[in-house]
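Here's the structure we're looking at; comments come further down.
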Amino acid sequence: KSRQGQGITYDKVVYTGMIDEYFDHCLGNLEYRSLYFEKEDLPDVENFQGNAVINYTEKEIPYTRIIEHKHFEFGTQEKTYITREYPSEWQEGMEPYYPVNNEKNNELYKKYAALAEKENVLFGGRLAQYKYFDMDDTVEEALLLADNLL
């Protein structure tokens with residue numbers, strides 16, 4: 001059955017936001033992790049790390065990766081800039097990037113997922129499915145969702 005919203009008629013909606021927010025947190029709040037980014041312009045450096053992204057897993061290093069943007073497009077610019085990515089606890093108003101998959105949150109998610117089954121909405125992605133996906137998994141899930149829709 002078609003629904004109408006803001007003058008638009010649609011048969012299905014794909015929702016990729018926070019599932020608990022979709023339901024106005026009626027069962028409680030799920031927990032998320034966020035990130036913050038520190039950008040640095042390096043006008044005197046032609047090549048900082050030689051790659052677009054290097055991940056850091058050492059406990060002593062506070063950031064999780066450094067991104068050197070010029071390498072995404074095979075840049076040959078004389079200078080470069082980088083972004084350090086730091087993990088951060090999520091608070092309202094911040095961008096949620098990752099679900100916190102522990103027993104308490106996963107049990108609460110199951111209750112939201114049961115509510116979601118009653119909706120004429122496809123819930124997809126990390127936030128809506130409350131699951132960590134690597135990028136290849138994200139693409140695979142999107143294709144499966146599209147297959148199911150079509």
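The values are calculated or read from the model by the stated rules, or taken from the named source; none is laboratory data. Just so it is clear, the model here is predicted, and its values are computed rather than measured. As a convention, Cβ positions derive from the backbone with ideal geometry for all residues, glycine included, and neighbour counts pool all protein chains shown. With ligands, DNA and RNA removed, areas are computed over all heavy atoms of the protein, side chains included. Shrake-Rupley method; radii C 1.70, N 1.55, O 1.52, S 1.80 Å.
Numbers for the structure displayed
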item	result
Failed item in (1) open to solvent by less than 70 Å² (accessible area, probe 1.4 Å); (2) in contact with a Gly (Cβ under 7 Å, 6 or more places away or on another chain); (3) among the polar types (S, T, N, Q), with S34 passing the rest	(2)
Filtered residues of region 127-140 (kept if open to solvent by 60 Å² or more (accessible area, probe 1.4 Å) and in a helix (DSSP H, G or I))	M135, D136, V139, E140
Contacts under 7 angstrom Cβ, first residue in region 134-146 being among the small types (G, A, S), partner open to solvent by 80 Å² or more (accessible area, probe 1.4 Å), 6 or more apart	none
Residue list for region 90-118, filter: loosely packed, with under 14 Cβ neighbours inside 10 Å, among the small types (G, A, S) and touching a residue at least 24 places away in the same chain (Cβ under 8 Å)	none
Residue match in region 49-64 (condition: over 27 Å from R126 (Cα atoms) and either outside any loop (DSSP other than H, G, I, E, B) or open to solvent by less than 70 Å² (accessible area, probe 1.4 Å) (or both))	yes
